[in-house]
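Below: the structure, in C-alpha coordinates.
The values are calculated or read from the model by the stated rules, or taken from the named source; none is laboratory data. Computed from a prediction, not measured in an experiment: that's the story for all the values here. Please note: Cβ atoms are built from the backbone with ideal geometry, for glycine as well, and neighbour counts cover all protein chains shown.
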Amino acid sequence: MPRQTTKKKTAPRLDDILLMATPTKNADLRWFSGFHASDPFPAFSAQGRKVGLLPLLEVGRAKAESDLDEVLNLTEIIADLRRTNPTAAIADAIVFAALQRGVKKFRVPGDFPVTLFLRLQELGLELVATGSSRDERSTPALFPQRWVKTKAELDGIRAGNRAACAGFTAVEKILTEARPDKKGRLLWKGKVLTSEILQAEVQAATVRAGALCDTGLICAPGDQAVDCHNKGTGPIHANQLIVLDIFPRDLASWHYGDMTRTYLKGKATPAQRKMVEAVKAAHGRIIKALRAGVTGAEIHRVPVDYFKSLGYETGPNKQGAYVGFFHGSGHGLGYDIHEEPFLSLRNPHPLVAGNAITVEPGLYYPGIGGCRFEDCVVITKTGCELLSKHPYNWEIA
(Lines give C-alpha, C1' and ligand atoms only; values in the text may rest on other atoms or scores of the structure.)
Protein backbone atom coordinates (compact mmCIF):
# COMPACT_ATOMS: atom_id res chain seq x y z
CA MET A 1 0.00 0.00 0.00
CA PRO A 2 1.44 3.44 -0.87
CA ARG A 3 2.46 5.74 1.93
CA GLN A 4 -0.06 8.30 3.12
CA THR A 5 1.06 11.82 2.25
CA THR A 6 0.23 15.37 3.29
CA LYS A 7 0.84 18.65 1.52
CA LYS A 8 3.91 19.28 3.66
CA LYS A 9 5.76 15.99 3.98
CA THR A 10 5.66 12.22 3.68
CA ALA A 11 4.53 10.42 6.81
CA PRO A 12 7.33 8.38 8.40
CA ARG A 13 7.29 4.62 7.92
CA LEU A 14 7.44 2.38 10.95
CA ASP A 15 9.90 -0.12 9.58
CA ASP A 16 11.69 -1.11 12.77
CA ILE A 17 10.19 -3.79 14.99
CA LEU A 18 10.74 -4.62 18.66
CA LEU A 19 9.92 -7.98 20.24
CA MET A 20 10.13 -9.23 23.82
CA ALA A 21 9.09 -12.84 24.23
CA THR A 22 10.15 -16.46 24.63
CA PRO A 23 10.77 -18.09 21.24
CA THR A 24 9.52 -21.48 22.38
CA LYS A 25 6.16 -19.80 23.00
CA ASN A 26 6.18 -16.98 20.47
CA ALA A 27 6.20 -17.81 16.77
CA ASP A 28 7.08 -14.28 15.65
CA LEU A 29 10.28 -14.15 17.71
CA ARG A 30 11.19 -17.72 16.72
CA TRP A 31 10.77 -16.78 13.06
CA PHE A 32 12.53 -13.40 13.39
CA SER A 33 15.55 -14.65 15.33
CA GLY A 34 15.85 -18.20 14.03
CA PHE A 35 16.75 -19.10 17.59
CA HIS A 36 15.28 -21.69 19.92
CA ALA A 37 15.35 -20.67 23.58
CA SER A 38 13.13 -21.32 26.61
CA ASP A 39 13.73 -17.93 28.26
CA PRO A 40 12.53 -14.50 27.07
CA PHE A 41 14.81 -11.93 25.46
CA PRO A 42 14.37 -8.70 23.46
CA ALA A 43 15.18 -8.41 19.78
CA PHE A 44 14.68 -5.62 17.27
CA SER A 45 15.35 -4.56 13.71
CA ALA A 46 17.53 -1.57 12.90
CA GLN A 47 17.93 -0.43 9.30
CA GLY A 48 17.40 -3.92 7.98
CA ARG A 49 19.58 -5.69 10.55
CA LYS A 50 18.35 -8.06 13.26
CA VAL A 51 19.66 -7.34 16.75
CA GLY A 52 19.18 -9.60 19.77
CA LEU A 53 19.99 -8.91 23.41
CA LEU A 54 20.74 -12.27 24.97
CA PRO A 55 21.62 -13.17 28.55
CA LEU A 56 25.21 -14.28 29.03
CA LEU A 57 24.51 -18.01 29.10
CA GLU A 58 22.84 -17.85 25.65
CA VAL A 59 25.25 -15.48 23.84
CA GLY A 60 27.59 -18.13 22.45
CA ARG A 61 24.82 -20.40 21.23
CA ALA A 62 22.91 -17.50 19.70
CA LYS A 63 25.99 -16.38 17.75
CA ALA A 64 26.44 -19.91 16.42
CA GLU A 65 22.83 -20.88 15.75
CA SER A 66 20.60 -17.83 15.29
CA ASP A 67 19.73 -15.71 12.24
CA LEU A 68 20.51 -12.51 14.17
CA ASP A 69 22.97 -10.11 12.56
CA GLU A 70 24.12 -8.86 15.96
CA VAL A 71 24.05 -10.73 19.27
CA LEU A 72 24.57 -8.38 22.21
CA ASN A 73 25.39 -9.46 25.74
CA LEU A 74 22.37 -8.27 27.75
CA THR A 75 23.96 -9.20 31.07
CA GLU A 76 27.06 -7.16 30.30
CA ILE A 77 25.11 -4.14 29.02
CA ILE A 78 22.97 -3.97 32.17
CA ALA A 79 26.07 -4.32 34.37
CA ASP A 80 27.75 -1.41 32.53
CA LEU A 81 24.65 0.77 32.78
CA ARG A 82 24.38 0.13 36.52
CA ARG A 83 27.75 1.83 37.09
CA THR A 84 25.91 5.12 36.70
CA ASN A 85 22.31 3.98 37.12
CA PRO A 86 21.89 1.34 39.88
CA THR A 87 18.29 0.60 38.82
CA ALA A 88 19.08 -0.07 35.16
CA ALA A 89 17.23 -3.09 33.76
CA ILE A 90 16.09 -4.62 30.45
CA ALA A 91 14.25 -1.48 29.33
CA ASP A 92 17.36 0.64 29.79
CA ALA A 93 19.43 -1.88 27.82
CA ILE A 94 16.92 -1.86 24.95
CA VAL A 95 16.93 1.95 24.78
CA PHE A 96 20.74 2.04 24.94
CA ALA A 97 21.13 -0.47 22.11
CA ALA A 98 18.42 1.12 19.97
CA LEU A 99 19.76 4.67 20.27
CA GLN A 100 23.27 3.46 19.47
CA ARG A 101 21.84 2.27 16.15
CA GLY A 102 19.82 5.42 15.50
CA VAL A 103 16.39 3.94 16.25
CA LYS A 104 13.88 5.93 18.29
CA LYS A 105 10.61 4.41 17.09
CA PHE A 106 9.39 0.79 16.96
CA ARG A 107 6.35 -1.20 15.98
CA VAL A 108 5.51 -3.80 18.62
CA PRO A 109 3.05 -6.73 18.56
CA GLY A 110 -0.29 -6.51 20.30
CA ASP A 111 0.84 -8.96 23.00
CA PHE A 112 3.94 -6.94 23.92
CA PRO A 113 4.44 -6.83 27.74
CA VAL A 114 2.49 -3.83 29.05
CA THR A 115 4.89 -2.92 31.88
CA LEU A 116 7.86 -2.93 29.52
CA PHE A 117 5.89 -0.93 26.94
CA LEU A 118 5.17 1.82 29.48
CA ARG A 119 8.74 1.88 30.80
CA LEU A 120 10.22 2.19 27.30
CA GLN A 121 7.91 5.11 26.61
CA GLU A 122 9.06 6.75 29.85
CA LEU A 123 12.64 6.37 28.63
CA GLY A 124 11.83 8.15 25.37
CA LEU A 125 11.15 5.44 22.78
CA GLU A 126 8.09 5.89 20.58
CA LEU A 127 6.15 2.64 20.35
CA VAL A 128 3.15 1.82 18.17
CA ALA A 129 1.20 -1.39 18.65
CA THR A 130 0.65 -3.19 15.35
CA GLY A 131 -2.95 -2.89 14.21
CA SER A 132 -3.62 0.26 16.25
CA SER A 133 -5.15 3.37 14.70
CA ARG A 134 -1.75 5.09 14.94
CA ASP A 135 -0.10 2.47 12.77
CA GLU A 136 -0.49 3.69 9.17
CA ARG A 137 -0.04 0.11 7.94
CA SER A 138 -3.11 -1.02 9.92
CA THR A 139 -2.24 -4.69 9.69
CA PRO A 140 -2.73 -7.18 12.54
CA ALA A 141 0.26 -9.23 11.39
CA LEU A 142 3.73 -8.17 12.47
CA PHE A 143 5.38 -10.37 9.82
CA PRO A 144 2.82 -11.12 7.09
CA GLN A 145 5.63 -12.65 5.06
CA ARG A 146 5.67 -15.44 7.64
CA TRP A 147 2.53 -16.88 6.06
CA VAL A 148 4.49 -17.74 2.88
CA LYS A 149 6.64 -20.75 3.72
CA THR A 150 10.14 -21.54 2.58
CA LYS A 151 11.14 -25.01 1.43
CA ALA A 152 12.75 -25.67 4.82
CA GLU A 153 9.57 -24.62 6.62
CA LEU A 154 7.44 -26.86 4.40
CA ASP A 155 9.82 -29.74 5.12
CA GLY A 156 9.30 -29.08 8.83
CA ILE A 157 5.52 -29.30 8.44
CA ARG A 158 5.93 -32.53 6.50
CA ALA A 159 8.08 -33.93 9.33
CA GLY A 160 5.42 -33.03 11.88
CA ASN A 161 2.83 -34.82 9.77
CA ARG A 162 5.01 -37.92 9.44
CA ALA A 163 5.02 -38.07 13.23
CA ALA A 164 1.23 -37.75 13.23
CA CYS A 165 1.08 -40.69 10.83
CA ALA A 166 3.12 -42.75 13.28
CA GLY A 167 0.40 -42.02 15.82
CA PHE A 168 -2.36 -43.11 13.45
CA THR A 169 -0.50 -46.32 12.67
CA ALA A 170 -0.21 -47.10 16.39
CA VAL A 171 -3.94 -46.54 16.93
CA GLU A 172 -4.89 -48.66 13.92
CA LYS A 173 -2.81 -51.53 15.29
CA ILE A 174 -4.43 -51.23 18.71
CA LEU A 175 -7.96 -51.10 17.30
CA THR A 176 -7.22 -54.13 15.10
CA GLU A 177 -6.09 -56.10 18.16
CA ALA A 178 -8.90 -54.90 20.46
CA ARG A 179 -12.02 -56.99 21.12
CA PRO A 180 -15.35 -55.94 22.66
CA ASP A 181 -16.53 -57.27 26.02
CA LYS A 182 -20.17 -58.03 26.88
CA LYS A 183 -20.83 -54.35 27.53
CA GLY A 184 -19.43 -53.32 24.17
CA ARG A 185 -16.27 -51.82 25.68
CA LEU A 186 -13.08 -52.54 23.76
CA LEU A 187 -10.45 -54.61 25.56
CA TRP A 188 -6.76 -54.38 24.72
CA LYS A 189 -4.04 -56.35 26.45
CA GLY A 190 -6.48 -57.46 29.12
CA LYS A 191 -7.65 -53.94 30.01
CA VAL A 192 -10.52 -51.70 28.98
CA LEU A 193 -9.26 -49.51 26.16
CA THR A 194 -9.71 -45.81 26.98
CA SER A 195 -9.14 -42.50 25.28
CA GLU A 196 -6.34 -41.89 27.75
CA ILE A 197 -4.56 -45.11 26.73
CA LEU A 198 -4.81 -44.21 23.04
CA GLN A 199 -3.55 -40.69 23.73
CA ALA A 200 -0.54 -42.08 25.60
CA GLU A 201 0.24 -44.53 22.80
CA VAL A 202 -0.02 -41.75 20.20
CA GLN A 203 2.27 -39.52 22.23
CA ALA A 204 4.84 -42.31 22.50
CA ALA A 205 4.69 -42.95 18.76
CA THR A 206 5.14 -39.29 17.87
CA VAL A 207 8.10 -38.96 20.25
CA ARG A 208 9.78 -41.95 18.63
CA ALA A 209 9.21 -40.20 15.29
CA GLY A 210 11.03 -37.07 16.48
CA ALA A 211 8.08 -34.89 17.49
CA LEU A 212 5.96 -34.02 20.50
CA CYS A 213 2.27 -33.26 20.97
CA ASP A 214 3.15 -30.33 23.19
CA THR A 215 -0.34 -28.80 23.17
CA GLY A 216 -2.18 -32.12 23.56
CA LEU A 217 -4.13 -34.22 21.11
CA ILE A 218 -7.72 -35.32 20.56
CA CYS A 219 -9.04 -38.87 20.81
CA ALA A 220 -12.78 -38.36 21.24
CA PRO A 221 -15.19 -41.31 20.97
CA GLY A 222 -18.91 -41.19 20.27
CA ASP A 223 -20.81 -38.08 21.27
CA GLN A 224 -17.75 -36.61 22.96
CA ALA A 225 -16.51 -35.72 19.48
CA VAL A 226 -19.61 -33.59 18.84
CA ASP A 227 -17.76 -31.01 20.93
CA CYS A 228 -15.02 -30.88 18.32
CA HIS A 229 -12.22 -29.81 20.70
CA ASN A 230 -13.11 -32.33 23.41
CA LYS A 231 -9.88 -34.27 23.96
CA GLY A 232 -11.80 -37.43 24.88
CA THR A 233 -11.99 -39.45 28.08
CA GLY A 234 -13.05 -42.88 29.26
CA PRO A 235 -13.72 -46.24 27.60
CA ILE A 236 -13.77 -46.76 23.85
CA HIS A 237 -16.77 -48.76 22.66
CA ALA A 238 -17.27 -50.90 19.58
CA ASN A 239 -19.32 -49.47 16.74
CA GLN A 240 -18.77 -45.82 17.69
CA LEU A 241 -16.95 -43.18 15.68
CA ILE A 242 -13.62 -42.00 17.13
CA VAL A 243 -12.14 -38.67 16.04
CA LEU A 244 -8.35 -38.70 16.34
CA ASP A 245 -6.71 -35.29 15.79
CA ILE A 246 -2.90 -35.31 16.11
CA PHE A 247 -0.91 -32.04 15.88
CA PRO A 248 2.71 -32.73 16.87
CA ARG A 249 5.58 -30.27 16.74
CA ASP A 250 8.64 -31.54 14.89
CA LEU A 251 11.48 -31.07 17.37
CA ALA A 252 14.16 -30.50 14.75
CA SER A 253 12.40 -27.70 12.87
CA TRP A 254 9.94 -26.57 15.56
CA HIS A 255 7.11 -26.74 13.01
CA TYR A 256 3.71 -28.28 13.60
CA GLY A 257 1.97 -30.93 11.60
CA ASP A 258 -1.80 -31.33 11.92
CA MET A 259 -3.84 -34.28 10.75
CA THR A 260 -7.15 -35.90 11.69
CA ARG A 261 -8.59 -39.31 10.93
CA THR A 262 -11.88 -40.85 12.04
CA TYR A 263 -12.13 -44.51 13.05
CA LEU A 264 -14.74 -47.06 14.03
CA LYS A 265 -14.03 -50.50 15.47
CA GLY A 266 -16.77 -52.87 14.37
CA LYS A 267 -19.61 -52.16 11.94
CA ALA A 268 -20.93 -48.71 11.09
CA THR A 269 -24.63 -47.85 10.98
CA PRO A 270 -26.06 -46.42 7.74
CA ALA A 271 -26.15 -42.95 9.34
CA GLN A 272 -22.52 -43.19 10.41
CA ARG A 273 -21.42 -44.42 7.00
CA LYS A 274 -23.33 -41.71 5.16
CA MET A 275 -21.82 -39.00 7.35
CA VAL A 276 -18.25 -40.29 6.97
CA GLU A 277 -18.62 -40.51 3.21
CA ALA A 278 -19.99 -36.95 3.11
CA VAL A 279 -17.07 -35.57 5.12
CA LYS A 280 -14.52 -37.39 2.98
CA ALA A 281 -16.16 -36.09 -0.19
CA ALA A 282 -16.15 -32.52 1.20
CA HIS A 283 -12.46 -32.91 2.03
CA GLY A 284 -11.77 -33.78 -1.60
CA ARG A 285 -13.88 -30.90 -2.90
CA ILE A 286 -11.92 -28.39 -0.83
CA ILE A 287 -8.59 -29.72 -2.07
CA LYS A 288 -9.83 -29.53 -5.66
CA ALA A 289 -10.96 -25.90 -5.18
CA LEU A 290 -7.77 -24.60 -3.56
CA ARG A 291 -5.43 -22.39 -5.57
CA ALA A 292 -3.74 -18.99 -5.33
CA GLY A 293 -6.15 -16.09 -5.77
CA VAL A 294 -9.19 -17.75 -4.17
CA THR A 295 -10.23 -16.29 -0.81
CA GLY A 296 -10.59 -18.21 2.42
CA ALA A 297 -14.29 -17.29 2.45
CA GLU A 298 -14.84 -18.68 -1.05
CA ILE A 299 -13.19 -21.96 -0.11
CA HIS A 300 -15.29 -22.28 3.05
CA ARG A 301 -18.49 -22.01 1.01
CA VAL A 302 -17.55 -25.23 -0.81
CA PRO A 303 -18.15 -27.67 2.11
CA VAL A 304 -20.92 -25.50 3.59
CA ASP A 305 -22.96 -25.65 0.38
CA TYR A 306 -22.15 -29.32 -0.17
CA PHE A 307 -23.25 -30.41 3.30
CA LYS A 308 -26.43 -28.37 2.97
CA SER A 309 -27.20 -30.02 -0.38
CA LEU A 310 -27.07 -33.40 1.39
CA GLY A 311 -29.47 -32.27 4.10
CA TYR A 312 -26.91 -31.75 6.88
CA GLU A 313 -28.13 -28.65 8.70
CA THR A 314 -25.95 -26.55 10.98
CA GLY A 315 -27.17 -24.71 14.06
CA PRO A 316 -28.20 -25.14 17.71
CA ASN A 317 -30.16 -28.25 18.62
CA LYS A 318 -32.95 -28.42 21.23
CA GLN A 319 -30.36 -28.50 24.00
CA GLY A 320 -28.66 -25.36 22.67
CA ALA A 321 -25.51 -27.15 21.46
CA TYR A 322 -24.32 -26.49 17.92
CA VAL A 323 -24.42 -29.41 15.51
CA GLY A 324 -23.52 -29.87 11.86
CA PHE A 325 -20.50 -28.06 10.39
CA PHE A 326 -19.78 -25.16 12.72
CA HIS A 327 -16.03 -24.55 12.41
CA GLY A 328 -13.76 -23.29 9.67
CA SER A 329 -12.58 -25.42 6.77
CA GLY A 330 -8.90 -25.00 7.67
CA HIS A 331 -6.16 -22.75 8.98
CA GLY A 332 -2.55 -21.87 8.42
CA LEU A 333 0.17 -23.59 10.43
CA GLY A 334 3.92 -23.50 10.94
CA TYR A 335 5.60 -22.25 14.10
CA ASP A 336 2.02 -21.84 15.40
CA ILE A 337 -0.58 -24.59 15.26
CA HIS A 338 -3.22 -22.00 14.26
CA GLU A 339 -2.14 -19.00 12.19
CA GLU A 340 -3.09 -17.08 9.06
CA PRO A 341 -4.58 -17.66 6.59
CA PHE A 342 -7.92 -19.13 7.72
CA LEU A 343 -10.46 -20.87 5.51
CA SER A 344 -13.56 -19.21 6.94
CA LEU A 345 -16.21 -16.67 6.08
CA ARG A 346 -14.22 -14.07 8.04
CA ASN A 347 -11.29 -14.21 5.60
CA PRO A 348 -11.92 -12.12 2.45
CA HIS A 349 -8.25 -12.17 1.45
CA PRO A 350 -6.95 -14.27 -1.45
CA LEU A 351 -4.64 -17.18 -0.78
CA VAL A 352 -1.13 -16.90 -2.21
CA ALA A 353 1.35 -19.48 -3.41
CA GLY A 354 3.37 -20.73 -0.46
CA ASN A 355 0.57 -20.60 2.12
CA ALA A 356 0.56 -23.79 4.20
CA ILE A 357 -2.94 -24.64 5.42
CA THR A 358 -5.01 -27.47 6.78
CA VAL A 359 -8.10 -28.89 5.11
CA GLU A 360 -10.51 -30.18 7.76
CA PRO A 361 -14.25 -30.37 7.14
CA GLY A 362 -16.34 -32.18 9.73
CA LEU A 363 -19.87 -33.08 10.81
CA TYR A 364 -21.11 -33.55 14.37
CA TYR A 365 -24.47 -34.89 15.56
CA PRO A 366 -25.40 -36.45 18.93
CA GLY A 367 -26.43 -40.06 18.50
CA ILE A 368 -24.27 -40.47 15.41
CA GLY A 369 -21.03 -38.92 16.69
CA GLY A 370 -18.40 -36.78 15.07
CA CYS A 371 -16.34 -37.15 11.92
CA ARG A 372 -13.42 -35.10 10.63
CA PHE A 373 -10.69 -35.72 8.08
CA GLU A 374 -7.74 -33.34 8.03
CA ASP A 375 -4.64 -32.96 5.89
CA CYS A 376 -2.12 -30.19 5.21
CA VAL A 377 -1.41 -28.62 1.83
CA VAL A 378 0.71 -25.86 0.35
CA ILE A 379 -1.00 -23.49 -2.06
CA THR A 380 0.39 -23.24 -5.59
CA LYS A 381 -0.51 -20.94 -8.49
CA THR A 382 -2.74 -23.60 -10.04
CA GLY A 383 -3.84 -25.71 -7.08
CA CYS A 384 -2.24 -27.24 -4.03
CA GLU A 385 0.16 -30.00 -3.02
CA LEU A 386 -0.29 -32.34 -0.07
CA LEU A 387 2.08 -31.98 2.88
CA SER A 388 0.58 -35.03 4.60
CA LYS A 389 -0.29 -38.52 3.51
CA HIS A 390 -2.03 -41.35 5.35
CA PRO A 391 -4.83 -43.77 4.38
CA TYR A 392 -8.46 -43.03 5.22
CA ASN A 393 -9.35 -46.61 6.16
CA TRP A 394 -11.74 -45.72 8.96
CA GLU A 395 -13.77 -48.93 9.55
CA ILE A 396 -11.71 -51.58 11.35
CA ALA A 397 -13.15 -55.08 11.71
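Observations
- Tally of residues being farther than 25 Å from S388 by Cβ and not aliphatic (A, V, I, L, M) across region 166-216: 14
- Unique match (being touching a strand residue (DSSP E or B) at 6+ places or on another chain (Cβ under 9 Å), closer than 30 Å to H237 by Cα and among the acidic types (D, E)) among E340, E385, E360: E360
- Condition met for R273 (among the charged types (D, E, K, R) and either under 20 Å from D375 (Cα atoms) or modelled with pLDDT under 95 (or both)): no
- Among residues of region 329-358 that are over 25 Å from P248 (Cβ atoms), those with a beta-carbon under 6 Å from a residue that is hydroxyl-bearing (S, T, Y) and part of a loop (DSSP other than H, G, I, E, B) at least six positions away or on a different chain give the pairs A353/T380.
- Among residues of region 258-286, those that are out of contact with any helix residue (DSSP H, G or I) (no Cβ under 8 Å at 6 or more places or on another chain), closer than 30 Å to A159 by Cβ and either without any contact (Cβ under 8 Å) to a residue 40 or more places away in the chain or of a type in the set (G, A, S) (or both), counted: 1
- Cross-chain or 6+ apart pairs with Cβ under 8 Å, region 42-61 first and assigned by TED's automatic domain parsing to the domain that holds K104 and of a type in the set (D, E, K, R), then loosely packed, with under 14 Cβ neighbours inside 10 Å and part of a loop (DSSP other than H, G, I, E, B): R49/D69; K50/D67; K50/D69; E58/D39
- Check on E196, over 28 Å from A321 (Cβ atoms) and surrounded by fewer than 20 Cβ atoms within 10 Å (Cβ to Cβ): no
- Helices (runs of 4 or more DSSP H) wholly inside region 21-108 containing at least 2 residues that are of a type in the set (F, W, Y): 27-33
- When restricted to residues that are within 26 Å of I337 (Cα to Cα) and surrounded by 18 or more Cβ atoms within 10 Å (Cβ to Cβ), region 168-193 contains 4.
- The residue that is modelled with the lowest pLDDT, among those in region 23-64 that are under 27 Å from the mean Cα position of the chain (by Cα) and β-branched (V, I, T), is T24.
- For the residues G210, G184, the requirement of being over 18 Å from A397 (Cα atoms) and at pLDDT 95 or above singles out G210.
- For H229: the one exception among (1) in a helix (DSSP H, G or I); (2) loosely packed, with under 15 Cβ neighbours inside 10 Å; (3) not charged (D, E, K, R): (1)
- Residue match in region 176-192 (condition: in the same structural domain as E339 (by TED's automatic domain parsing), within 30 Å of D28 (Cβ to Cβ) and of a type in the set (A, V, I, L, M)): no
- You will find that of D245, D155, the residue that is of a type in the set (D, E) and surrounded by fewer than 20 Cβ atoms within 10 Å (Cβ to Cβ) is D155 and no other.
- Members of region 189-218 found to be more than 21 Å from N230 (Cα to Cα) and either touching a Lys or Arg at 6+ places or on another chain (Cβ under 8 Å) or basic (K, R) (or both), listed by number: K189, K191, R208, A209, A211
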